[in-house]
Amino acid sequence: MASPFSPVDPENQTQMLNEVAKQVVVFTQDSDAPKSNRMCYVGTDNVAAGRQAGALIKEALPQGGKIMIFVGNLDARNAQEAITGY
């Protein structure tokens, strides 16, 4: 049996993930918890994805302009990483 997680706060969820990993295979998706005992991470390099999005924005708006970035939760690590990439 496997259990996928998308941790919002990996630092504070590591202990819980490790407890679950004692009972089932744990993998993270969309957001990683690299310090946990999860088997693997399935997802995007969010900083790299943000950089690619930023390059496309520059291409679409070569003279500059205003944009909005929407994320589900600003506290989520994957959102923070994507914004860093922009």
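The values are calculated or read from the model by the stated rules, or taken from the named source; none is laboratory data. As the structure is a computational prediction, the values presented were derived from the model and not from experiment. We place every Cβ from the backbone using ideal geometry, glycine too, and count neighbours over all the protein chains shown. We work out accessible area using only protein heavy atoms, side chains counted, and drop any ligands, DNA or RNA first. Shrake-Rupley method; radii C 1.70, N 1.55, O 1.52, S 1.80 Å.
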Ala79 vs. criteria in contact with a Gly (Cβ under 9 Å, 6 or more places away or on another chain), open to solvent by less than 50 Å² (accessible area, probe 1.4 Å) and under 23 Å from Phe5 (Cα atoms):
yes
Go through the stretch 13-42 and give me each residue that's within 16 Å of Gln80 (Cα to Cα) and outside any loop (DSSP other than H, G, I, E, B).
Gln29
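Looking at Val20, Val8, Val26, Val42 in this structure, which one is in contact with a strand residue (DSSP E or B) (Cβ under 7 Å, 6 or more places away or on another chain), of a type in the set (Val, Ile, Thr) and open to solvent by 60 Å² or more (accessible area, probe 1.4 Å)?
Values: Val20 fails: open to solvent by 60 Å² or more (accessible area, probe 1.4 Å); Val8 fails: in contact with a strand residue (DSSP E or B) (Cβ under 7 Å, 6 or more places away or on another chain); Val26 fails: open to solvent by 60 Å² or more (accessible area, probe 1.4 Å).
After ruling out the rest, the residue left standing is Val42.
Taking the condition of being more than 11 Å from Tyr86 (Cβ to Cβ) and of a type outside the set (A, V, I, L, M, F, W, C), how many residues in the stretch 43-59 meet it? Please lay out each step first, then the result.
To start, the set of residues in the stretch 43-59 that are more than 11 Å from Tyr86 (Cβ to Cβ) comprises 43-45, 48, 59.
From the residues that got through so far, the ones that are of a type outside the set (A, V, I, L, M, F, W, C) too are 43-45, 59.
Looking only at that region, the number is 4.
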Note down all Cβ pairs under 7 Å where the first residue falls in the stretch 43-59 and is part of a helix (DSSP H, G or I), the second is hydroxyl-bearing (Ser, Thr, Tyr) and surrounded by 15 or more Cβ atoms within 10 Å (Cβ to Cβ), and they're at least six residues apart or on different chains.
Gly50/Tyr86; Ala53/Tyr86; Gly54/Tyr86
